[in-house]
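First the structure, in the form of structure tokens, and then the observations on it.
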Amino acid sequence: MIGKNARQWGTAAKAFFYIPPAGGEHRGALRMFVGLAIPSLVLLATGHHNLVMYAVFGCFTGMYGRGEPHQLRLFHQVSAAAFLCACVVAGILTSASNVGAWGFVALETMVAGVGSVVTDRLRLRPVGPFFGIFAFGACAATPLATTPWVPALVAVASAACAIAVGFAGWFRVRTWHPGKRRTPVPHLMPPLPGHLATGAMYVVAVGLAGSLATAMGWGHPYWAMASAAIPLSAAGLSAGMARGFHRVIGTYAGLVVAALALGAFPHPVFLVLLVIAFQFPTELYIMRHYGLSLVFFTPLILAMGYLANPGSLRGLVLDRAAETTIGAAIGMLVLFAFMHRPGSAAAAEAQPA
């Protein structure tokens, strides 16, 4: 028994560190790099480095439709841009309002549930509402340094830039597929009806994570809420559990990089350049090894947050570690509970024939 368990743990460890061979991800990574570099450098040159965070959320549009034909990518990226920008604007308006800590948790939980249904209906890839949840939470938690329409315009303009970069390749190949249909997205469980079951799962996980983080008085509860959504976006229970562990371990490694980089070079110019530079490896590895991508994504996120709202670096690192851990753990527990409920696909597979 001991030998069998040791072999199982060894197999799991090998699977965790295994990086699949490259399959053209550099093209999408390059598009993301260019799509973020243009608005970020414009903001830096005009003295508005504190708005780079909103440009990043608009730039996330470029993550959608990576390997799709140009017209399908255009459709999905326009849809993703509308979703992301709506979340950014909602977050900005929440920041400008006085909803309180628990009002914030309620609103972000609602964004998670509605966002899950919307992204499923639009058949977006990456699957799930994670980026919308993250965008809303970060924007809502960041005090506004200017009128609300300015950061909203930055997000919209950055999304438009990402779409333009994503479609630019069409002018080289000029290939159109008028009969191409939207690709289906695998769902974690049967619809009850539609995509409400998945939306309910997001509501429970994100709501629990935000409530616990808020009750414990942590400074960035939206980090816990976003992390709770991560295991839910994977196709299946084992993949979701693996994604949760990747989230925690990759974040810890990324925090070491962030502490060294931000501690040594806190100047805004360096931070903006770090955000731009780290976007490329983040996108390069996000589909091949999620944990490794977080080594770059974590300092990127802390740097853009520091630009928007400077604070204690030690506090940021500790909050990120604690809230990522609790959020991912809650997400995995909720995924396990939903996938093993009576009538779920996982429960049905577990029943004897």
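The values are calculated or read from the model by the stated rules, or taken from the named source; none is laboratory data. Keep in mind that this is a model prediction, so the values were computed, not measured. Cβ coordinates were reconstructed from backbone atoms using ideal geometry, including for glycine residues, and neighbour counts include every protein chain displayed.
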> Given the structure, is Phe75 surrounded by 24 or more Cβ atoms within 10 Å (Cβ to Cβ), among the aromatic types (Phe, Trp, Tyr), over 12 Å from Val165 (Cα atoms) and out of contact with any strand residue (DSSP E or B) (no Cβ under 6 Å at 6 or more places or on another chain)?
Replying inline: no
>> Can you find a residue that is over 17 Å from Val114 (Cβ atoms), modelled with pLDDT of 80 or more, part of a loop (DSSP other than H, G, I, E, B) and of a type in the set (Phe, Trp, Tyr) anywhere in segment 176-193?
In response: no
> In segment 223-247, what residues are among the aliphatic types (A, V, I, L, M), surrounded by fewer than 21 Cβ atoms within 10 Å (Cβ to Cβ), assigned to a helix (DSSP H, G or I) and in contact (Cβ under 8 Å) with a residue 12 or more places away in the chain?
Replying inline: Leu237, Met241, Ala242
> Hey, Thr198 hits all of (1) crowded, with 19+ Cβ neighbours inside 10 Å; (2) at pLDDT 95 or above but one; which does it fall short on?
Replying inline: (2)
> Restricting attention to segment 84-135, which residues are among the hydroxyl-bearing types (Ser, Thr, Tyr) and not in a helix (DSSP H, G or I)?
Replying inline: Ser97
> Within segment 143-164, can one find any residue that is under 30 Å from Gly219 (Cβ atoms), modelled with pLDDT under 90 and surrounded by fewer than 12 Cβ atoms within 10 Å (Cβ to Cβ)?
Replying inline: yes
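Criterion first (assigned to a helix (DSSP H, G or I), over 15 Å from the mean Cα position of the chain (by Cα), at pLDDT below 95 and hydroxyl-bearing (Ser, Thr, Tyr)) does Tyr252 satisfy it? Before the answer, list the steps.
Details: assigned to a helix (DSSP H, G or I): yes; over 15 Å from the mean Cα position of the chain (by Cα): yes; at pLDDT below 95: no; hydroxyl-bearing (Ser, Thr, Tyr): yes.
Against the criterion (assigned to a helix (DSSP H, G or I), over 15 Å from the mean Cα position of the chain (by Cα), at pLDDT below 95 and hydroxyl-bearing (Ser, Thr, Tyr)), Tyr252 does not qualify.
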>> Please count how many residues of segment 47-61 are farther than 20 Å from Gly137 by Cα and surrounded by 24 or more Cβ atoms within 10 Å (Cβ to Cβ).
In response: 0
> So which residues in segment 266-309 are surrounded by fewer than 17 Cβ atoms within 10 Å (Cβ to Cβ) and under 18 Å from Ala135 (Cα atoms), if there are any at all?
Replying inline: Asn309
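Can you spot a residue in segment 35-45 that is within 15 Å of the chain's Cα centre (by Cα) and within 19 Å of Leu302 (Cβ to Cβ)? Steps first, answer last, please.
The first filter runs over segment 35-45 and keeps only residues within 15 Å of the chain's Cα centre (by Cα), leaving none.
Scanning segment 35-45 turns up no residue that is within 15 Å of the chain's Cα centre (by Cα) and within 19 Å of Leu302 (Cβ to Cβ).
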> What tally of residues in segment 44-69 results from selecting those that are closer than 14 Å to Ala162 by Cβ and in a helix (DSSP H, G or I)?
Replying inline: 10
>> Can you say whether Ser79 is free of Cβ contacts under 8 Å to residues at least 12 places away in the same chain, more than 16 Å from the chain's Cα centre (by Cα) and farther than 22 Å from Val204 by Cα, as far as the supplied structure shows?
In response: no
> Here are some conditions: (1) within 17 Å of Ser227 (Cα to Cα); (2) modelled with pLDDT of 90 or more. Gly240 meets all but one. Which one does it not meet?
Replying inline: (2)
